[in-house]
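Enquirer: Could you have a look at this structure, given as structure tokens, before my questions?
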């Protein structure tokens, strides 16, 4: 006995075989998109049209880099650094000084970072040089670490940029002070800048733990 399901299948095949063909005519030159080719077959393109005349728009992926800060953010970050460093201005320089009565350059930078809740490894300018991300001179932001040679050391001095023109640091001659990159001594010895993203974020907080004496 033939099963009823078999009979139904045979009937479906017969109906399908009797149905008229509905294939679409092929274009002389396709677009490469089967769906678009089908639509153009129903409504032919204007005479002389070439698919390459209308290429698909190129998708540009969004940048995954940092978003440049606006002027207001930069001004705010600078004010935070100025407020945090002001109590220390004039503090004398001493090799190995960590404050509060004296600082060397790396000790001052570490003290400032500690106050903003930012950790940095090591205790020397050469150790700081190996951390963060290198920044071109023209892209310096408030809070970037800036480095200089000193005597026989390629990396022997470090400070914190207040903007692209000035930085705060502990100098041998003046103690904690603000200097300009354009000063002859520092212009000749400038080696580069490094950015700690954690410090950049901390500077934009409304109420970080500012360093105080």
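The values are calculated or read from the model by the stated rules, or taken from the named source; none is laboratory data. Remember, predicted model here, so these are calculated numbers, not experimental data. Reconstructed Cβ throughout: ideal geometry from the backbone, glycine too, with neighbour counts over all protein chains shown.
Enquirer: Looking at 106, 95, 63, can you tell me which residue is modelled with pLDDT under 95 and either out of contact with any helix residue (DSSP H, G or I) (no Cβ under 8 Å at 6 or more places or on another chain) or surrounded by 15 or more Cβ atoms within 10 Å (Cβ to Cβ) (or both)?
Expert: 63
Enquirer: While we're looking at this one, here's another question. Return the residues of the range 145-164 that are farther than 13 Å from residue 191 by Cα and surrounded by 14 or more Cβ atoms within 10 Å (Cβ to Cβ); say none if nothing qualifies.
Expert: 160, 161, 162, 163, 164
Enquirer: Sort out which residues of the range 113-126 are more than 20 Å from residue 80 (Cα to Cα), surrounded by 13 or more Cβ atoms within 10 Å (Cβ to Cβ) and in contact with a helix residue (DSSP H, G or I) (Cβ under 8 Å, 6 or more places away or on another chain), and write them in order of number.
Expert: 122, 123, 124, 125
Enquirer: Still on this model: Within the range 165-184, how many residues are in contact with a helix residue (DSSP H, G or I) (Cβ under 7 Å, 6 or more places away or on another chain) and surrounded by fewer than 20 Cβ atoms within 10 Å (Cβ to Cβ)?
Expert: Final tally of qualifying residues: 2.
Enquirer: Quick check on this structure: which one of 154, 133, 123 is under 20 Å from residue 77 (Cβ atoms) and assigned by TED's automatic domain parsing to the domain that holds residue 75?
Expert: Matching residue, one of 154, 133, 123: 133.
Enquirer: Can we say residue 118 is in contact (Cβ under 8 Å) with a residue 60 or more places away in the chain, assigned to a loop (DSSP other than H, G, I, E, B) and under 11 Å from residue 199 (Cβ atoms)?
Expert: Here the answer is yes, as residue 118 does meet what is asked.
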